[in-house]
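Trainee: I am attaching a structure below and will ask some questions about it afterwards.
The values are calculated or read from the model by the stated rules, or taken from the named source; none is laboratory data. The structure displayed is predicted, hence computed values, not measured ones. Backbone-built Cβ (ideal geometry, glycine too); neighbour counts: all protein chains shown. In case anyone asks, the SASA skips ligands and DNA or RNA and just uses the protein heavy atoms, side chains included. Shrake-Rupley method; radii C 1.70, N 1.55, O 1.52, S 1.80 Å.
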Amino acid sequence: MTMNARAAADRRAFVATLAAGALLLPRAAPAQPAGRVARVGYLTPSSVSARGGMPELRGRLRDLGYVEGRDIRFEIRAANEDFERLPDLAADLVRSGVDLIVAVSSPAIRAAENATSAIPIVMVSGTDPVAGLFVASLVRPGGNVTGVTTYLPELAGKRLEVLRECLPGVRRIAVLANLRNPSSAAEARETEAAARTMALEIQVADARLPEQYPDAFARMARGGARAVFVTTDPVLSSNRERIMQLAASHRLPAMYEWPEIVEAGGLLSYGPSLAEVNTRLAAYVDKILRGAKPADLPVERPTRFELAVNLKTAAALGITIPPAVVARAERVIR
């Protein structure tokens, strides 16, 4: 079977599994026997204070009935933007005896996978987890890794279309990426490919550390970019306030992936919500703590995509968002 045929078969089987209801969220209830406190590791390349990650997951697990300290305890290991620390941090989690590891982004997943083949790993992957060899297939992961993939290459063109609709005459768009992260690099490539079909020019600005952001935005301005798309990356996401400030100071309209960033002051986003991703993550954690095996839990993709628009930010930039875009948006911040 060719790779394309296998992928198509995986997708068909995955849709069938969804239709059968196998991936419905579990009912809220503590997962562990009385007196047993589950230990959940959390491995991230960004900082402990990163928004939308650990705090959001904690909240979703509370919704499922977990009480921290009674039913569950978290062991957090954050690389603070130093990706080379991830293998040591993953090994430390394994030594600590956690019951499972939540790994955020491809570098963290790879580090966790290299550290253990026995402890379950719940991933958030921005790359294709099959091509990345994290799992054998979406429907049957086959090892100790499962979770959520936000690898959605079809969204690149839609985001560019929204930017072009909001900025008539735009020809050059910058892409802010952390090319050290495979998922961020993949999004940059997908955006370049989509732009070629739309007669748009793309300028990729690689910024791997927060101190590199000012220079990246200065390069965008010098290069004549009229807008910027911020790729998905834990380091970029945890520094969203700084990125929004730089976009505003350079008067660059910005497109993001998560609607939560638009609620915090970003201009536009199109994609899944962090809330949905963390709801799915919490469901995996719950199922595995109840005894399910990662090999038997299909990998999920977000199924709902939201267009979000911040009209306050648009006004500050001197941009009028077309009424048709506002009408289509699921979230409008006025």
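Trainee: Please tell me if residue 136 is outside any helix (DSSP H, G or I), at pLDDT 95 or above and more than 14 Å from residue 234 (Cβ to Cβ).
Mentor: On the way: outside any helix (DSSP H, G or I): yes; at pLDDT 95 or above: yes; more than 14 Å from residue 234 (Cβ to Cβ): yes.
For residue 136, the condition - outside any helix (DSSP H, G or I), at pLDDT 95 or above and more than 14 Å from residue 234 (Cβ to Cβ) - is met.
Trainee: Determine if region 164-183 includes at least one residue that is out of contact with any Ser or Thr (no Cβ under 6 Å at 6 or more places or on another chain), open to solvent by 20 Å² or more (accessible area, probe 1.4 Å) and closer than 23 Å to residue 240 by Cβ.
Mentor: Yes - at least one qualifying residue is present in region 164-183.
Trainee: Moving on. Quick test of your reading of the structure: residue 209 fulfils all but one of (1) surrounded by fewer than 17 Cβ atoms within 10 Å (Cβ to Cβ); (2) at pLDDT 95 or above; (3) not aromatic (Phe, Trp, Tyr). Name the failing condition by number.
Mentor: Condition not satisfied by residue 209: (2).
Trainee: Here's something else I'd like to know. Does region 297-321 hold any residues that are surrounded by 13 or more Cβ atoms within 10 Å (Cβ to Cβ), outside any strand (DSSP E or B) and not aromatic (Phe, Trp, Tyr), and which are they? Reasoning before the result, please.
Mentor: Initial filter on region 297-321 (surrounded by 13 or more Cβ atoms within 10 Å (Cβ to Cβ)): 297-302, 305-311, 313-314, 316-317, 319, 321.
Narrowing the set further to residues that are outside any strand (DSSP E or B) leaves 297-299, 301-302, 305, 311, 313-314, 316-317, 319, 321.
Of everything in region 297-321, those that are surrounded by 13 or more Cβ atoms within 10 Å (Cβ to Cβ), outside any strand (DSSP E or B) and not aromatic (Phe, Trp, Tyr) turn out to be 297, 298, 299, 301, 302, 311, 313, 314, 316, 317, 319, 321.
Trainee: So, one more: Could you tell me how many of the residues in region 220-235 are within 17 Å of residue 273 (Cβ to Cβ) and in a helix (DSSP H, G or I)?
Mentor: Residues meeting the conditions: 1.
Trainee: Turning to a different aspect of this structure: What number of residues within region 257-272 are of a type in the set (Ser, Thr, Tyr) and open to solvent by 10 Å² or more (accessible area, probe 1.4 Å)? Full working, then the answer.
Mentor: As a first pass, look at region 257-272 and keep what is of a type in the set (Ser, Thr, Tyr): 269-270.
Next, only the ones that are open to solvent by 10 Å² or more (accessible area, probe 1.4 Å) stay: 270.
The total comes to 1.
Trainee: May I pose another question? Would you check if there is a residue in region 278-291 being modelled with pLDDT under 95, assigned to a helix (DSSP H, G or I) and buried (at least 21 other Cβ atoms within 10 Å of the Cβ)?
Mentor: yes
Trainee: So for region 135-148 (the condition being closer than 26 Å to residue 212 by Cβ, in contact (Cβ under 8 Å) with a residue 12 or more places away in the chain and either open to solvent by 30 Å² or more (accessible area, probe 1.4 Å) or hydrophobic (A, V, I, L, M, F, W, C) (or both)), does at least one residue qualify?
Mentor: Looking for residues that are closer than 26 Å to residue 212 by Cβ, in contact (Cβ under 8 Å) with a residue 12 or more places away in the chain and either open to solvent by 30 Å² or more (accessible area, probe 1.4 Å) or hydrophobic (A, V, I, L, M, F, W, C) (or both), one finds none in region 135-148, hence no.
Trainee: Give just the number: which of (1) in a strand (DSSP E or B); (2) farther than 30 Å from residue 224 by Cα does residue 255 not satisfy?
Mentor: The failed condition is (2).
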